[in-house]
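A.B. asks: Here it is: the structure, laid out below.
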Amino acid sequence: MLQNIRVVLVGTTHPGNIGGAARAMKNMGLTRLVLVEPRVFPSPEADARASGADDILASTQVVASLEEALTGCSLVLGTSARDRSLPWPMLNPRESGVKVVEQAAQGLEVALVFGREHAGLTNDELQRCHFHVHIASNPDFSSLNLAAAVQVLSYEVRTAWLAGQVPVNAQASNQPARESELATMDEMEGFYAHLEQTLVAIGFLDPEKPRHLMARLRRLYGRSEVERPELSILRGILTETQKAARGEPHKRKDQ
């Protein structure tokens, strides 16, 4: 089950933090590390800080964008150190551990996303996450080392897993079984791009004055756990809406 969980580090500046994160992950049984545009990797400093987690560094995936890092994920949690202009569903570390294990136990791909050492994740990056996670550190000294943040959330994942707070297999769950698989983040990103194009085409969205519209829609659909057949319906509606906006005749599905 833990193999379904990936740790994603975005724009890491110091290679030592990559090694420290790998060590923290291995301590807690997590093995999948993904780096988005690290400044330096591979690096002897990362190797030194890994202190025996060389196997995780050896299998680390390096990608060019957060979108690529989240391919296949049905649940994404992003760490946030401060309040944002647009409120987002928020979890504390203990809640996040339970949520991650609950989803991973159902065979779903899950990502824990951590931002840059100096600035964290951008608003756009955080809007690609279903939930934000805030570590309640000392307000008088709230700066938390990246590897330490990875350690905190990895520990909570392991705690939830060991405590058996969720079933190891989804068939034992008290929750009703899903009819279909959840749409993945890359599939949802395609939908959001399609939705934005359609809203612009019908004049509902002014790209010069977006006023957080797409961010609010991301938040809406992100908490809805959209299944793949449902996403196909939504994409079909958008396609027909675009045709109508261009004045093209509508063709019924049964014709």
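A.B. asks: Which of the following residues is assigned by TED's automatic domain parsing to the domain that holds THR159, in contact (Cβ under 8 Å) with a residue 12 or more places away in the chain, more than 19 Å from ARG128 (Cβ to Cβ) and assigned to a loop (DSSP other than H, G, I, E, B): GLY72, GLY52?
C.D. replies: Residue meeting the stated conditions: GLY52.
A.B. asks: Please give the number of the condition LEU86 fails out of (1) in a loop (DSSP other than H, G, I, E, B); (2) within 13 Å of the chain's Cα centre (by Cα); (3) surrounded by fewer than 18 Cβ atoms within 10 Å (Cβ to Cβ).
C.D. replies: (2)
A.B. asks: (1) among the acidic types (Asp, Glu); (2) surrounded by fewer than 18 Cβ atoms within 10 Å (Cβ to Cβ); (3) closer than 19 Å to GLU225 by Cβ: which one isn't true of ASP140, the others all being true?
C.D. replies: (3)
A.B. asks: Any idea which of ARG211, ARG223 is closer than 21 Å to LEU126 by Cα, out of contact with any Leu (no Cβ under 6 Å at 6 or more places or on another chain), loosely packed, with under 13 Cβ neighbours inside 10 Å and touching a residue at least 40 places away in the same chain (Cβ under 8 Å)?
C.D. replies: ARG223
A.B. asks: Take the residues in the range 5-14 that are of a type outside the set (A, V, I, L, M, F, W, C) and crowded, with 21+ Cβ neighbours inside 10 Å; name whichever of them is nearest to HIS118 (Cα to Cα).
C.D. replies: Result: THR12.
A.B. asks: On the given criteria, is ALA21 in a helix (DSSP H, G or I), among the small types (Gly, Ala, Ser) and surrounded by fewer than 15 Cβ atoms within 10 Å (Cβ to Cβ)?
C.D. replies: no
A.B. asks: I'd like to verify a number: residues in the range 58-72 that are surrounded by 13 or more Cβ atoms within 10 Å (Cβ to Cβ), aliphatic (A, V, I, L, M) and farther than 7 Å from VAL34 by Cα, how many?
C.D. replies: Count: 3.
A.B. asks: Identify the single condition in (1) among the small types (Gly, Ala, Ser); (2) modelled with pLDDT of 95 or more; (3) not assigned by TED's automatic domain parsing to the domain that holds LEU70 that ALA160 does not satisfy, given that it satisfies every other one.
C.D. replies: If we test ALA160 against (1) among the small types (Gly, Ala, Ser); (2) modelled with pLDDT of 95 or more; (3) not assigned by TED's automatic domain parsing to the domain that holds LEU70, just (3) comes out false.
A.B. asks: Here's another thing I want to ask about it. Does ALA104 qualify as being assigned by TED's automatic domain parsing to the domain that holds HIS14, closer than 19 Å to VAL34 by Cα and surrounded by fewer than 20 Cβ atoms within 10 Å (Cβ to Cβ)?
C.D. replies: No: the conditions fail for ALA104.
A.B. asks: Can you name the number of the only condition in (1) closer than 23 Å to GLU187 by Cα; (2) among the β-branched types (Val, Ile, Thr); (3) in contact (Cβ under 8 Å) with a residue 40 or more places away in the chain that VAL98 fails?
C.D. replies: Of the numbered conditions (1) closer than 23 Å to GLU187 by Cα; (2) among the β-branched types (Val, Ile, Thr); (3) in contact (Cβ under 8 Å) with a residue 40 or more places away in the chain, the odd one out for VAL98 is (1).
A.B. asks: Here's another thing I want to ask about it. Say whether the condition of being under 27 Å from PRO89 (Cα atoms), hydrophobic (A, V, I, L, M, F, W, C), in a helix (DSSP H, G or I) and modelled with pLDDT of 95 or more is met by at least one residue in the range 32-41.
C.D. replies: The answer is no; no qualifying residue exists.
The values are calculated or read from the model by the stated rules, or taken from the named source; none is laboratory data. Just so we're clear, the structure is a prediction, and the values are computed from it rather than from any experiment. Note that each Cβ is placed from the backbone with ideal geometry, even for glycine, and that neighbours are counted across all protein chains shown.
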